[in-house]
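Working notes, structure below.
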């Protein structure tokens, strides 16, 4: 499944075009992204999809020289548990 980047979100659609996984964000200021919501449909849970969405957000932040302030509980936990986001953590 391909992760797409749309307006203030990274998301995955099923074959019918229904969003089945999504990480949304907004900007706190011109350099800081607020990761505020993560959703994964029950049919995809346990496959690491939420982590892939966080990775896509972090990769985007790195390319744009942004920082991420995690607000969503999943993103907060992932940032706490892993060192590979230190460079983008606000």
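Restrict the check to region 36-46 and report whether at least one residue is touching a residue at least 40 places away in the same chain (Cβ under 8 Å) and under 24 Å from residue 88 (Cβ atoms).
No, region 36-46 contains no residue that is touching a residue at least 40 places away in the same chain (Cβ under 8 Å) and under 24 Å from residue 88 (Cβ atoms).
Going through 65, 59, 55 one at a time, which residue ends up being over 12 Å from residue 3 (Cβ atoms) and at pLDDT 95 or above?
65
Within region 78-90, track down each residue that is surrounded by fewer than 13 Cβ atoms within 10 Å (Cβ to Cβ) and assigned to a helix (DSSP H, G or I).
Scanning region 78-90 gives 80, 81.
If you take the residues of region 51-77 that are part of a loop (DSSP other than H, G, I, E, B) and in contact with a strand residue (DSSP E or B) (Cβ under 9 Å, 6 or more places away or on another chain), which of them is farthest from residue 13 (Cα to Cα)?
66
For residues in region 1-32 being touching a strand residue (DSSP E or B) at 6+ places or on another chain (Cβ under 9 Å) and not in a strand (DSSP E or B), which is surrounded by the fewest Cβ atoms within 10 Å (Cβ to Cβ)?
The residue in question is 2.
If I ask for residues that are surrounded by 15 or more Cβ atoms within 10 Å (Cβ to Cβ) and either in a helix (DSSP H, G or I) or at pLDDT below 95 (or both), which ones from region 33-50 would you list?
Across region 33-50, the qualifying residues are 44, 49, 50.
The values are calculated or read from the model by the stated rules, or taken from the named source; none is laboratory data. Because the structure is a prediction, the values reported are computed rather than measured. As a convention, Cβ positions derive from the backbone with ideal geometry for all residues, glycine included, and neighbour counts pool all protein chains shown.
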